[in-house]
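Structure record follows, encoded as C-alpha cells.
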C-alpha cells in the first residue's frame, strides 16, 4: 500500500512538471525590434509616429555618427516613420515594414511635436495608458517644431538621441515629469500640466567643418488639460522650476552689490513650500524658498567676502530670485492662466473648505491670486580664494 501511494505521488509530480517545462510563449531577441524612443507628430489629418529602434549588433561603440534616419553602416539605431489616420494605425503600418515584432517596453522617452500638442494629446495618451507594454515612467517632452527632427539628431555623446533627451530631463529637474505625473496633472484639480521643451541645436557654428546637430532643453510647455497653450523661454522656465523646489543645482547670476561685474552662485540645495490664505474671497500665497549657495565665479571687483559683504551678497541674491520667480509666475498667470505650480492644489490640501467654495471658479480667480516669494539663501562657501583674481587690492570695492 505504501509503495502504491509513493508511486502515485511520483506520477503526479511528473505530470505537474510537464506543465511548467519549456517556454511556450518565448520571444527570441532576434525576433524583436526594441523601440528606444518615439516621436509623434500631426501632419494635416494624419498622425506620424517615428520609432527609434536599437540595432543590438552595432551597439558596442559609444556615440553615433551622422543623422539621416540612422542609415549609416555603423549606426546603433535607425528610425522607422509612418503616417496613418489614427495613432495606433501608425504602429500597424510600421509593423508591415518590419521583419521583427515591435516591442515598446524599453521605450523611455516620448517626443511630442508642437502641432500635435496644441491640438490635444488625449487620443495619444489613451493608447499609452491602455496598452500594458507602455511604461508610465517614460518621459514625455514637447519639441519646438516637428518631433521627428529632434529624434533624428546626431547627439554624438550618447548612443541614442532619445537617451540624451532622458539624461537632459534629469539634469534639468530633480524629478522630471513622467507619463504618470503628466496624466495625473491633467486629471487633477488645482494644477495644470507642463512638460520640458527640447529643440535641435548645432554643436559648433555652421560654417565650421564636421558640424553635427545636438539636442538642448529649451524652456517649458504650458498645458490647459491636454492642450498646449504656450511655450516659455529658458530663463523664466528655470525660475519656475526653482519655485517648485525641483531645480537641479541651478546657478544664479547677480550683479555685485557695489562696483562693477557679476557674481555666480550655485544653489546646491533648494526646496520650496506653498502657504495659501483666503480672506474675503481673496487668495494670497506665500512661496517660501530655502537654499544653500556656493560662489562659483566672481567676475566683479567687489569685496573680499567679509561678513558685511556676505550679508550684502545675500540680499542681492534674495532680490534676484524673488524678481525672477515673480516674473515667471506673472507670465503663466496673466498670459496663459495656467496654474503649473499647483497653487489651487495647495489650497485644496491646506484649506479644503475654502477650496470647495472656489474650485468651480478657479480659472477666474487664479489670475488675480497675489503671490509673494520669500527666499532664504545661505552662502556657505566663497571658494578657495576671497579677493577677485586679477584685481589689484586698491581696486577692490569694500563695504
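With everything on Cα atoms, drop me the angle between helix 87-96 and the longest principal axis of the chain, reported from 0 to 90° to the nearest 10.
In the chain, helix 87-96 runs at an angle near 50 degrees to the longest axis.
Connecting C-alpha atoms closer than 10 Å in a GNM of the chain, tell me which of 130, 258, 174 has the biggest fluctuation.
Its mean-square fluctuation being the largest, the pick is 130.
Hey, what's the per residue convex hull volume over the C-alpha atoms of the stretch 190-320, in cubic angstrom?
Here the figure is 176 Å³ per residue.
P(r) tail for the stretch 234-399, what percent of Cα pairs lie past 26 Å?
Working: 5232 of 13695 pairs.
When every Cα pair of the stretch 234-399 is considered, 38 percent fall beyond 26 Å.
Would you order 208, 77 from fewest to most other beta-carbon atoms within 10 Å of each residue's own beta-carbon?
Ordered by Cβ neighbours within 10 Å, fewest first: 208, 77.
For helix 234-243, report the angle its Cα long axis makes with the longest principal axis of the Cα atoms of the chain; keep it between 0 and 90° and round to the nearest 10°.
90
If the elastic network links every pair of Cα atoms under 10 Å, which of 250, 123, 236 fluctuates the most in the Gaussian network model of the chain?
Checking each option, the largest mean-square fluctuation is seen for 123.
Running a GNM on the chain with Cα contacts under 10 Å, which residue among 117, 105, 97 ends up with the highest mean-square fluctuation?
Checking each option, the largest mean-square fluctuation is seen for 97.
Wrap a convex hull around the Cα atoms of the chain, take a quarter of its surface area, and give that in square nanometres.
Result: a mean projected hull area of 32.3 nm².
Quick one, can you get me the convex hull of the C-alpha atoms of the stretch 145-251 expressed as volume per residue in Å³? Intermediate results must be reported in sequence, preceding the final value.
Values: hull volume 13.4 nm³, N = 107.
Each residue corresponds to 126 Å³ of Cα convex hull volume.
Would you mind telling me the antiparallel percentage of the DSSP bridges in the chain, rounded to 5?
In the chain, DSSP labels about 70 percent of beta bridges as antiparallel.
Along its principal axes, what span do the Cα atoms of the stretch 103-205 show, with the longest given first and each in whole Å?
Over the stretch 103-205, Cα extents along the principal axes are 45, 29, 27 Å.
Can you give the helix-only mean residue ellipticity at 222 nm for the chain, where every DSSP H stretch with n ≥ 4 adds -39500 (n - 2.57) and the sum goes over all residues, rounded to the nearest 500 deg cm²/dmol?
-9000 deg cm²/dmol
Would you mind checking the tilt of helix 2-20 against the longest principal axis of the Cα atoms of the chain, expressed as 0 to 90 degrees and rounded to 10?
Orientation of helix 2-20: about 60 degrees from the principal axis.
Cα centroids of the stretch 267-294 and the stretch 89-134: how far apart, whole angstrom?
Comparing the Cα centres of the stretch 267-294 and the stretch 89-134, I get a distance of 38 Å.
Please state the shape class of the stretch 29-232: rounded when a/c is under 1.5, otherwise prolate if a/b exceeds b/c and oblate if not, all from the C-alpha gyration tensor.
oblate
Which of 98, 116, 179, 110 comes first, and how do the rest follow, when ranked by fewest Cβ neighbours within 10 Å?
98, 179, 116, 110
Based on the mean of other beta carbon atoms within 10 Å per residue, what is the order of 156-163, 308-315, most packed first? Before the final figure, lay out the partial values.
Working: 156-163: 21.5, 308-315: 16.4.
Those peptides, ordered most packed to least, come out 156-163, 308-315.
Can you sort 121, 200 by how many other beta carbons sit within 10 Å, fewest first?
200, 121
Since every read-out is calculated from the coordinates, none of them should be taken as a lab result. These numbers come from a predicted model, not from an experiment. Please note: Cβ atoms are built from the backbone with ideal geometry, for glycine as well, and neighbour counts cover all protein chains shown.
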